[in-house]
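To start, the structure under review is shown below, and the notes come after it.
The values are calculated or read from the model by the stated rules, or taken from the named source; none is laboratory data. Just so it is clear, the model here is predicted, and its values are computed rather than measured. As a convention, Cβ positions derive from the backbone with ideal geometry for all residues, glycine included, and neighbour counts pool all protein chains shown. For accessibility, only protein heavy atoms count, side chains too; no ligands or nucleic acids. Shrake-Rupley method; radii C 1.70, N 1.55, O 1.52, S 1.80 Å.
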Amino acid sequence: MEEHNNYAVNFIEATRRIKATLPRCRVSGGVSNISFSFRGNNVVREAMHSAFLYHAIQAGMDMGIVNAGMLEVYEEIPKDLLELVEDVLLNRRPDATERLVKFADSVKQKGKAEVVEDEWRKGTVEERLSHALVKGIVDHIDQDTEERARNMSSRCW
């Protein structure tokens with residue numbers, strides 16, 4: 001909807017103004033609100049969340065409410081997708097929404113490439129826990145946390 005085109009831009013600018021005039025004030029927001037229309041398309045949603053957070057944090061946002069598993073590392077977002085997402089978020093082109101929707105349709109069924117479990121599971125327990133935390137993976141958290149605790153307690157003896 002055309003009236004929604006500036007929502008992300010307005011939030012970012014409002015954050016910047018709030019921080020400039022009320023520097024001790026804290027700013028938070030619901031990040032997933034920007035991507036509801038792409039539910040089921042995690043590739044696009046994760047890129048939108050990460051790009052929005054990148055710009056909002058630069059403007060002074062202190063906290064965002066978002067599922068950590070629905071984030072991509074900003075620097076790892078493919079450049080073509082990042083451009084499409086930022087065109088929408090920053091309202092840089094009148095056809096930005098149509099271009100992103102077209103792209104989203106082309107990747108909807110593909111989904112995010114699965115990370116080969118063996119690759120990240122081969123690291124130390126600290127590396128595995130760090131990876132899981134950053135990527136929002138909870139599958140092995142109990143096992144890895146218990147292993148970490150055992151490692152720590154064996155060092156105490």
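Key figures
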read-out: Pairs where the first residue, in the range 1-30, is of a type in the set (D, E, K, R) and the second is open to solvent by 90 Å² or more (accessible area, probe 1.4 Å), C-beta under 9 Å, 6+ apart; value: ARG16/GLN58; ARG26/MET63
read-out: Residue that is most open to solvent (accessible area, probe 1.4 Å), among those in the range 89-126 that are of a type in the set (S, T, N, Q) and modelled with pLDDT under 90; value: GLN109
read-out: Lone unmet requirement of (1) open to solvent by 90 Å² or more (accessible area, probe 1.4 Å); (2) free of Cβ contacts under 8 Å to residues at least 40 places away in the same chain; (3) more than 24 Å from HIS131 (Cα to Cα) for ILE57; value: (3)
read-out: GLU86 being among the acidic types (Asp, Glu) and open to solvent by less than 40 Å² (accessible area, probe 1.4 Å); value: yes
read-out: Test set (1) within 15 Å of the chain's Cα centre (by Cα); (2) β-branched (Val, Ile, Thr); (3) within 17 Å of ILE65 (Cα to Cα) - VAL44 fails condition number; value: (3)
read-out: Counted residues, the range 6-46 - those being surrounded by fewer than 13 Cβ atoms within 10 Å (Cβ to Cβ) and either in a helix (DSSP H, G or I) or at pLDDT below 90 (or both); value: 9
